[in-house]
1. Using a Förster distance of 25 angstrom, determine the FRET efficiency expected from the C-beta separation of C103 and M1, and round it to 0.05.
2. For all pairs of alpha-carbon atoms in segment 1-131, what percent lies in each bin of width 10 Å, listed from the first bin to the last filled one?
3. To the nearest 20 Debye, how big is the dipole of the chain about its Cα centre, given +1 on the beta carbon of each Lys and Arg and -1 on that of each Asp and Glu?
4. Which percent of the accessible heavy-atom area of the chain goes to carbon and sulfur, probe 1.4 angstrom?
5. Write out the chymotrypsin sites (Phe, Trp or Tyr not before Pro) in segment 27-97 meeting two conditions: DSSP loop, and at most 13 other Cβ atoms within 10 Å of their Cβ.
6. Treating only the Cβ atoms of Lys and Arg (+1) and Asp and Glu (-1) as charged, compute the dipole magnitude of segment 36-113 about its Cα centre; round to the nearest 20 debye.
7. What stretch of the chain, leaving out the sites themselves, is the longest with no trypsin sites (Lys or Arg not before Pro) in a DSSP loop having at most 10 other Cβ atoms within 10 Å?
8. So what's segment 54-113 giving for Cα Rg divided by 2.2 N^0.38 Å, two decimals?
Amino acid sequence: MIKDGQARLDAIVTSLKERGYRITPQRIAVAEILARNDGHPTVKQVHDQLRRRFPTTSLVTVYKTMSLLKGMGQVLELAFESGSCRYDGLVPYPHPHLVCVTCGEILDLQVGITDEVAGEVSRTSGYRIVGHRLDFYGVCPRCQAGE
Ligand SMILES: [Zn+2]
Ligand SMILES: [Zn+2]
């Protein structure tokens, strides 16, 4: 799994341009926040960061931008049963995650098992696999230590 924030930022901006979207300073700032964040932020967290530079930007604007980027395949949305959604703009394609059930931290799992699994699923079912979702739930070392 390659994590290159600058390459991701370039890819998001190029993708917006190719589809004829206006490249506003706010859109670039959202792209930057996503491209440089591997902590899987919520829309609210992206909005909080954005407001440091653009204090008047509304949460609705951020929702719209995230939805736009999601539609272009430039951000991966991770929806949870609790109703919360987290976003990965640094690694926008399906990949396994580790979720701490205590503090809500989400990490990318550095284990390349899903390609193998997807291949196996495809072979045994005849399906052409277009996506997958694999989350491991647990308690992170910090929460285990009672911090
Ligand atoms: Zn934790
Ligand atoms: Zn991720």
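The values are calculated or read from the model by the stated rules, or taken from the named source; none is laboratory data. Everything numeric here is computed off the predicted structure, so don't read it as measured data. Ideal geometry is used to build each Cβ from the backbone, glycine not excepted, and the neighbour counts take in all protein chains shown. Only protein heavy atoms, including side chains, enter the accessible area calculation; ligands, DNA and RNA are left aside. Shrake-Rupley method; radii C 1.70, N 1.55, O 1.52, S 1.80 Å.
1. That gives a FRET efficiency of 0.65.
2. Bin by bin from 0 Å, the calculated values are 11, 39, 33, 14, 3, 0.
3. Values: 18 positive and 16 negative charges, 158 e Å.
So the magnitude is around 760 debye.
4. Working: 4720 of 8910 Å².
Accessible surface attributable to carbon and sulfur in the chain totals 53 percent.
5. F80
6. Working: 8 positive and 7 negative charges, 94 e Å.
Dipole size: approximately 460 debye.
7. Free of exposed loop sites, the longest segment is 23-127.
8. On the way: Rg = 13.4 Å, N = 60, 2.2 N^0.38 = 10.4 Å.
Segment 54-113 yields a ratio of 1.28.
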